[in-house]
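The values are calculated or read from the model by the stated rules, or taken from the named source; none is laboratory data. This is a predicted model, so every value here is computed, not measured. Cβ coordinates were reconstructed from backbone atoms using ideal geometry, including for glycine residues, and neighbour counts include every protein chain displayed.
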Amino acid sequence: MNPLIITRHEVSQLVPRRPSDSHKGLFGTLAVVGGASGMTGAALLAGRAALKLGAGCVHVVLLADNAPAVDFIQPELMLHKAGGCDKSHPYNNANVIAIGCGMGIDASAQRWLSAVLESTASLVLDADALNLLAAHPDLHELAVARKNPTILTPHPGEAARLLACNTADVQANRIAAVQKISRLFSCSVVLKGANSLCATGKGLFVNNTGNPGMSGPGMGDVLAGMIAAFIAQGLNVDDALLLAVHLHGAAGDELAKQTAIGMTATELTDAARRLLHQWISH
């Protein structure tokens, strides 16, 4: 099966247009769960990307013991210490949750992933959330049993863990790998890397934007935040996935014209916002 190519013309039509009487309540409430000790930046990068790509309200739940109370670079984010993941926690108000960015794989991370998998929110599972799914059959079962939409965002190493094989096997047949993960978890999947592949309810797609300059830390966290932001604004999960993946790579291509080496995830977030504005202005 040959994948369809994601095009700018196609995905730019998916960008939500805002009414003149807009307010933040129209554009979703989103939660990012992650940021264990030493990795809070991952969750903050995802939260900042979600905010700058249009989500109405963004909560960031940080698992680190010494979690900051405010993001001084992006104070619009609402930061929360993880504490107990009970019904009173602010994450329960979110209509979409991105979980896994810098989360770690300890017992606390397992509890949070279990609670989120049982929520009614749409989910974007990234990074350590994927590693936990691969290691714990009970979490796998919860993921498969979900009624609401889920997206998995593995890189080849994470995909190999989900499939109980090695990375070389994944890279040798990326189409088979992404389709198998989608079947195993009954969800949409993006297999990241050069020419990222998206297995969706609409079919199989390949993305041709992106470049080697994007081989840096935090790029996947930004992508997770972007996908979640578009879901929060009302796109279905497959449209949100295709738009975010293509825009993410296209923003990297714009940056590569000036910064082929040393490109940062923070720069990419801002480039994606500028590019999205250009797409909807034409």
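If you go through the stretch 169-189 and keep only what is in contact with a Cys (Cβ under 9 Å, 6 or more places away or on another chain) and assigned to a helix (DSSP H, G or I), you end up with Ala177, Val178, Ile181. Of the residues that sit in the stretch 41-71 and are out of contact with any strand residue (DSSP E or B) (no Cβ under 7 Å at 6 or more places or on another chain) and among the small types (Gly, Ala, Ser), which one is nearest to Ala265 (Cα to Cα)? Residue satisfying both the conditions and the ranking: Ala49.
With a requirement of 2 or more residues that are under 17 Å from Leu125 (Cα atoms), the strands (runs of 3 or more DSSP E) lying completely within the stretch 22-108 that satisfy it span 29-34, 57-62, 96-99. Would you say Ala82 is buried (at least 18 other Cβ atoms within 10 Å of the Cβ), more than 27 Å from Val245 (Cα to Cα) and at pLDDT below 95? Against the criterion (buried (at least 18 other Cβ atoms within 10 Å of the Cβ), more than 27 Å from Val245 (Cα to Cα) and at pLDDT below 95), Ala82 qualifies.
Selection of the stretch 125-142 for residues being in contact (Cβ under 8 Å) with a residue 12 or more places away in the chain and charged (D, E, K, R) yields Asp126, Asp128, Asp138. Among the residues of the stretch 248-256, are any over 20 Å from Thr29 (Cβ atoms), touching a residue at least 60 places away in the same chain (Cβ under 8 Å) and under 13 Å from the mean Cα position of the chain (by Cα)? Taking every residue of the stretch 248-256 in turn, none turns out to be over 20 Å from Thr29 (Cβ atoms), touching a residue at least 60 places away in the same chain (Cβ under 8 Å) and under 13 Å from the mean Cα position of the chain (by Cα).
Restricting the stretch 234-278 to residues that are in contact with a Lys or Arg (Cβ under 9 Å, 6 or more places away or on another chain), of a type outside the set (A, V, I, L, M) and closer than 21 Å to Ala43 by Cβ leaves a set whose member that is surrounded by the most Cβ atoms within 10 Å (Cβ to Cβ) is Thr269.
Return yes when Ser119 is in a helix (DSSP H, G or I), more than 15 Å from the chain's Cα centre (by Cα), within 26 Å of Gly47 (Cα to Cα) and not hydrophobic (A, V, I, L, M, F, W, C) and no when it is not. No, not satisfied.
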